[in-house]
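None of the figures in this text is laboratory data; all of them are computed from the coordinates on show. All values reported here derive from a predicted model rather than from experimental measurement. Here the Cβ is made from the backbone with ideal geometry for all residues, glycine too, and neighbour counts use every protein chain on show.
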Amino acid sequence: MIRRVGLLTLLLVGIAWASHAFLLRQAADWLDVSDPHLPADYLVVLPGSNETRTFAGVVILREGLAKQVAIIRNPNTSAVNEGLALPTHEVTRRIFQCRGIADERITFLDGESRTTHEDIRLLQSIWDRQPEATIIVVTNRFHTRRAMWAAKSIHPNRMQQISFIGCPADGFEWTRWWTSQVGWQMIASEYLKLGYYMVFYSTTSQRLGMGLLALCIVLGIALTFRYRLRRRKRLLAEAS
Amino acid sequence: MLKRRKWTFLILAVLAFCLATHSLVLSWITRPFIHRVPLDTSRVTHLLMRDGDRLLETTLSELRPGRKLLLVRESPSRSEQCGAVPSEDQLLPELLSTRGVGPDQLEWLPGTLEDGESVLRPLEDWLNAHPNVVLCVFVEALGSGPLRRRIDRRYAVANARRVIIYPLEPEDYRSDRWWRSRSGCKDFFGQLVQVIVRWSDEESEIANPYPTPQAYEDAFKERLKSFDVSVKSESPTLEVSL
């Protein structure tokens with residue numbers, strides 16, 4: 001028995017080691033759900049990484065793949081209040097201007113947001129003005145699944161009008177993310193954040209689905225244990 | 001029946017125990033993250049601003065005559081390169097001069113930090129070149145413990161002793177009770193991830209070069225093409241605002 005478990009563990013460890021690059025690449029790819037429907041009426045750049053997302057947004061606007069950009073405001077940080085940094089939305093606006101986007105195409109969304117969930121909630125103000133508007137959301141590749149998860153739970157009836165495109169992040173190579181600290185920081189922490197979102201920001205049907213899945217897994221484990229325990233008892237009884 | 005009741009009681013007892021002791025357990029986990037020792041800043045000759053709430057305010061309150069502010073030059077970000085935001089090299093001295101800090105009170109760390117590079121390496125060289133300075137580093141409270149340990153591990157004892165870590169308490173929560181607020185949880189989680197990912201390597205290496213604004217946009221164009229989005233190949237032109 002022990003030998004069998006040991007061999008199986010060794011085999012699993014060997015397979016995992018041999019295919020770790022493939023598995024880790026798949027783990028990152030799973031986070032990227034980019035599927036842009038272009039052209040769109042509005043471009044929304046999710047705050048969080050002005051150095052990448054905004055420049056990707058510039059390309060979409062410049063190529064005429066979106067008519068307007070709607071910028072999301074964030075509450076001021078301590079550094080902004082002290083004058084050490086500019087507000088994020090102001091930096092976003094300035095980047096668009098400096099990269100040649102006309103002022104008429106730049107608008108701000110109503111309200112402020114601190115999280116991805118709140119960012120996606122603010123999109124409603126676009127549909128309040130223009131119910132048929134289509135939106136392309138730009139964020140980093142690893143962040144698209146969480147953004148889409150938030151969109152599905154907040155605007156389930158608008159999913160035909162919203163699409164996501166992920167842009168590359170700085171500091172690590174997507175196909176070799178595990179070789180860099182930044183990669184670990186981004187990809188591994190994104191999984192934890194996604195888990196948080198799945199627990200706290202889900203719709204009833206999403207929760208039911210996850211609950212059922214969890215129940216199946218627990219039941220499967222419990223039944224396996226029960227079966228093995230009974231078998232062991234039977235074997236012991238037979239032996240004695 | 002009796003067995004089931006026993007299990008229920010056991011689960012309830014475990015839950016009650018967790019509820020009763022969670023504060024104690026989390027405090028114990030938090031302890032290595034916060035560097036809490038009585039601060040003796042009387043010997044300090046230089047101050048280094050890194051991050052944290054009330055950073056400028058605290059630095060200015062500690063910037064007494066005879067002390068200097070050590071500034072770090074970092075390579076320009078993409079938004080700086082395209083002129084969207086002023087570079088920190090300009091912004092900080094200007095801001096400090098409006099708060100009464102003269103240029104004679106500023107000292108620059110030699111060289112320029114590349115993106116993702118830790119300041120610890122050039123700082124060590126600087127400390128070696130200036131054997132009489134005592135440096136005070138301002139850092140957010142939850143990051144103070146890991147920074148202290150990194151310095152102690154990396155620097156020679158004499159150099160490590162000359163670096164004082166000044167933890168800055170967050171404005172919206174108590175760092176030793178971070179679990180009571182959402183931003184506290186977020187900050188602690190961020191620090192935890194950093195500690196975990198640093199276990200293998202002290203310095204953050206640059207995995208790929210940071211492209212310029214134009215190079216980044218060109219790379220993104222290629223990505224758009226991979227989704228069968230047609231993009232123009234000519235160089236960008238400025239739009240004229242009406």
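With +1 on each Lys and Arg Cβ and -1 on each Asp and Glu Cβ, how big is the dipole of the protein assembly as shown about its Cα centre, in debye rounded to the nearest 20?
3760
Please list, ordered by chain and number, the residues whose modelled amide H lies under 5 Å from the amide H of A:Ile71; skip anything fewer than 5 residues away on the same chain.
Distant-sequence amide H within range of A:Ile71: A:Thr107, A:Phe108, A:Leu109.
Figure the gain on full extension for A:Met159 and A:Glu173 (residue separation times 0.36 nm, minus the Cα-Cα span) and round it to one decimal in nm. Don't jump to the answer; show the numbers that get you there.
Numbers: separation 14, 0.36 × 14 = 5.04 nm, distance 3.02 nm.
Length gained between A:Met159 and A:Glu173: 2.0 nm.
What does the helix-only formula give at 222 nm for chain B: each DSSP H stretch with n ≥ 4 adding -39500 (n - 2.57), the total divided by the residues, and the result rounded to the nearest 500 deg cm²/dmol?
Only helices count here, giving -14500 deg cm²/dmol.
Mind checking which helices in chain B clear 24 Å along their axis (Cα) and have mean Kyte-Doolittle hydropathy of 1.0 or more, DSSP H runs only?
B:2-30
For region A:8-20, what does the Karplus curve 6.51 cos²θ - 1.76 cosθ + 1.60, with θ = phi - 60°, yield as ³J(HN,Hα) per residue in whole Hz, taken in order and with x for Gly and Pro?
With coefficients 6.51, -1.76 and 1.60, one gets 5, 4, 4, 4, 5, 4, x, 5, 4, 5, 5, 10, 4 Hz.
Does a label point 7 Å from the Cα of B:Val195, set along Cα-to-beta-carbon, have any residues of region B:25-56 with amide nitrogen under 17 Å, and which are they?
Answer for this model: B:25-37.
Could you let me know the centre-to-centre spacing of region A:35-97 and region B:81-143, using Cα atoms, in angstrom?
28
Just to check I understand the Karplus step: with θ = phi - 60° and J = 6.51 cos²θ - 1.76 cosθ + 1.60, what whole-Hz values come out for region A:23-32, glycine and proline as x?
Computed from phi, the couplings for region A:23-32 are 5, 5, 5, 5, 4, 6, 4, 5, 6, 8 Hz.
Can you bin region A:127-240 into rounded, prolate or oblate? Criterion: square roots of the alpha carbon gyration tensor eigenvalues sorted a ≥ b ≥ c, rounded for a/c under 1.5, prolate for a/b above b/c, oblate for the rest.
Cα axes put region A:127-240 in the oblate bin.
Would you work out which of A:Val199, A:Ala237, A:Phe225 lies farthest towards the positive end of the dipole of region A:197-240, given +1 charges on the beta-carbon of Lys and Arg and -1 on that of Asp and Glu, about the Cα centre?
A:Ala237
Under a Cβ-only charge scheme (Lys and Arg +1, Asp and Glu -1), can you give me the dipole magnitude of region A:128-240 about the Cα centre, in debye to the nearest 20?
920
Which residues in region B:150-170 have a backbone N closer than 12 Å to a point placed 7 Å from the Cα of B:Thr41 along the Cα-to-Cβ line?
B:164-169
So, in nm, how far is label A:Leu10 from label A:Leu213 when the simple model puts each one 7 Å beyond its Cα toward the Cβ?
Placing both labels 7 Å beyond Cα along the Cβ direction yields 3.4 nm.
According to a simple spin-label model (label point 7 Å from Cα along Cα-to-Cβ), what is the distance in nm between B:Lys3 and B:His130?
Modelled inter-label distance: 7.2 nm.
For region A:173-190, in order, what is each residue's ³J(HN,Hα) by Karplus, 6.51 cos²θ - 1.76 cosθ + 1.60 with θ = phi - 60°, in whole Hz (x at glycine and Pro)?
Going residue by residue, I get 8, 4, 7, 9, 4, 6, 8, 10, 4, 4, x, 4, 4, 7, 6, 5, 5, 5 Hz, with x marking Gly and Pro.
So what is the calculated 222 nm ellipticity per residue for chain A, using -39500 (n - 2.57) for each DSSP H run with n of 4 or more, over all residues, to the nearest 500 deg cm²/dmol? Write out the running numbers ahead of the final one.
Details: 10 runs with 124 residues, N = 240.
Helix contribution divided over all residues of chain A: -16000 deg cm²/dmol.
Calculate the dipole size of region A:38-130 relative to its Cα centre from +1 charges on Lys and Arg beta carbons and -1 charges on Asp and Glu beta carbons; express the result in debye to the nearest 20.
200
Rounded to whole Å, give me the distance from the Cα center of region A:136-180 to that of region A:190-219.
If we compute the Cα centre of each part, the gap is 19 Å.
Under 5 Å between amide hydrogens, which residues at least 5 positions from B:Ile165 or on another chain qualify, with H placed 1.01 Å from N in the peptide plane?
B:Val137
Once the Cβ-Cβ distance between A:Ser205 and A:His37 is put in as r, and R0 is 30 Å, what FRET efficiency do you end up with, to the nearest 0.05?
Working: r = 24 Å, r/R0 = 0.80.
That pair, A:Ser205 with A:His37, gives E of 0.80.
Which of rounded, prolate, oblate describes chain A, given a ≥ b ≥ c as roots of the alpha-carbon gyration tensor eigenvalues and a/c under 1.5 marking rounded, otherwise prolate only if a/b is larger than b/c?
prolate
At 7 Å along the Cα-to-beta-carbon direction for both B:Thr112 and A:Arg3, put a label point, then send me their distance in nm to one decimal.
6.6
Can you figure out the FRET efficiency of B:Arg73 with A:Tyr196, using R₀ = 51 Å and their beta-carbon distance, to the nearest 0.05?
Taking R0 as 51 Å, the efficiency between B:Arg73 and A:Tyr196 is 0.85.
For the Cα atoms of chain A, what angle does the longest principal axis make with the long axis of helix A:144-154, in degrees from 0 to 90, nearest 10?
That helix lies at roughly 80 degrees to the long axis.
Please list, in chain and number order, the residues 5+ apart from B:Leu69 or on another chain whose amide H is under 5 Å from its amide H, with Hs placed from the backbone.
B:Leu47, B:Leu106, B:Glu107
Going by a ≥ b ≥ c, the root eigenvalues of the Cα gyration tensor, does the protein assembly as shown fall in the rounded group (a/c under 1.5), the prolate group (a/b larger than b/c) or the oblate group?
oblate
In the protein assembly as shown, if the dipole is taken from +1 on Lys/Arg beta carbons and -1 on Asp/Glu beta carbons about the Cα centre, which of B:Cys185, A:Leu10, A:Cys98 is farthest to the positive end?
With unit charges placed on the Cβ atoms, the residue in question is A:Leu10.
Compare the Cα positions of B:Thr45, B:Gly102, B:Phe33 along the charge dipole of chain B (+1 at Cβ of Lys, Arg; -1 at Cβ of Asp, Glu; about the Cα centre) and return the one farthest towards the positive end.
In chain B, that residue is B:Phe33.
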